[in-house]
Structures are given as C-alpha cells and as structure tokens.
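Written below as structure tokens is the structure these notes are about.
Taken together, the values in this text are just the output of simple stated rules run on the coordinates, not laboratory data. The structure displayed is predicted, hence computed values, not measured ones. Here the Cβ is made from the backbone with ideal geometry for all residues, glycine too, and neighbour counts use every protein chain on show.
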Protein chains: 2
Amino acid sequence: MVRIAELEIDPVQLEAYKDALREEIEASIRLEPGVLTLYAVALRENPAQIRIFETYADVNAYKTHLETPHFKKYKAATQTMVRSLKLVAADPVLLGAKSSDFRR
Amino acid sequence: MVRIAELEIDPVQLEAYKDALREEIEASIRLEPGVLTLYAVALRENPAQIRIFETYADVNAYKTHLETPHFKKYKAATQTMVRSLKLVAADPVLLGAKSSDFRR
C-alpha cells in the first residue's frame, strides 16, 4: 500500500514540526514491521511544503500504524502546526531501491 | 539528492509507458551505484498521473544517470507518451526505510 501525504506547515513552527515528524518516523520504522518506508522531504522552492512517501506492507499495517502511541503523539503535537493535509492514494508501478528490497 | 518527478502520460500509451519506465528503473538500480531509489507510482484517482520519488547519492550520480544508455533509451522511447513533466527539487527531512538503509 502506497500513499503520498502532502502537507503545508505553519512556517513559524516548521522546525518543531520536523522534529516531531522525525521522532514519529524513527519510532514507526523501528517498532512496526508493516511500515516499510516513510520518506519525508521538504520542497526546495517552499520548505513549508512537506511530502511523505509512505509504503506499508498492507492495509492492516496502515490501520495498526494509526493506533500506535507514537503516531497519536505526533498527531496531537502537530495539530496546530499543520495548515493543510492531503492524502493521495497511489499504486506501485515499480518501487526500485538499492539493497535487497527491490519491490514490485 | 532527492527529487519528485510529476508526469502526465497519454492514457492510450500508459501501459507502454509503464513498461519502458520499469525497464529503465531496473537497469538504473542494477547498474548505477549512485541511484538509491526510483519509486514510481500511479495516482489512484488518475492513473495517467505518475510520480517518481528519486534519490541519488549526490549530484554527480544524477548527472551520470542522465548519460547512461538505458536512460537515453527511455527518454527517446517515451518522448511521445509524456504529455507533461515537472521536476520538483526537495530536501530530506528524514528518509525512513525498513532494512539497513535508514538515511538522514
């Protein structure tokens, strides 16, 4: 399961937001077997625009993710920082990555 | 170096485009040490909209990529298939991935 999250962050709170996001990503990758990638980037022409390329093993892994303490903490902590959030569903064409995880 | 490519493909040629893209990604990941990920997805609400999440070891790896035979073949083969192409420069916040490659 693949999704692209498109977020706009309050520029004044951007660094605090990034810290909260990093903590959430580190915990998710470390603790959840079904969270495969959370690639978070800031657009260069507008760094308050965040994109997260999310891949989960399956829909259940995603549902489990939403119920974890670290995800709930992130959602609560960033509530006033996020100006807009768009979740874009996507389907793999080919997820090519160095190392053993060359996923279709 | 991180970039998001946003492409719109001629719907009639979409399957041919995806085949050419898969071939290009497989060759790039297999042959180029500096190509770290080429994650290609189709948006569910409009599958002719392709997004490619690209990470390269550095700018030189990207420049080398542009000169490879497989990339040039892909560009030539898909020239009439691609209706629009937007390259969005981005900077990592945290690239979290299962396995050993947990990159900042």
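Okay, here's what the table says:
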quantity	calculated
Shielding by partners, peptide A:54-61 (average Cβ within 10 angstrom, other chains)	1
Counted charge near B:Gln79, where neighbours are those whose Cβ lies closer than 12 Å (Asp, Glu -1; Lys, Arg +1)	+3
With Cα atoms, 0 to 90° folded angle of helix B:14-31 axis to chain B main axis	30 degrees
Chain A: relative contact order as a whole-number percent, Cα under 8 Å and 6+ apart	41 percent
Rounded FRET efficiency, nearest 0.05, which uses the C-beta distance separating A:Glu67 from B:Ser84 and R0 of 35 Å	0.35
Segments B:25-32, A:7-14, A:64-71 sorted - mean Cβ within 10 Å per residue, highest first	B:25-32, A:7-14, A:64-71
Mean-position separation - Cα centroids, the stretch B:1-79 and the stretch A:22-63, in angstrom	21 Å
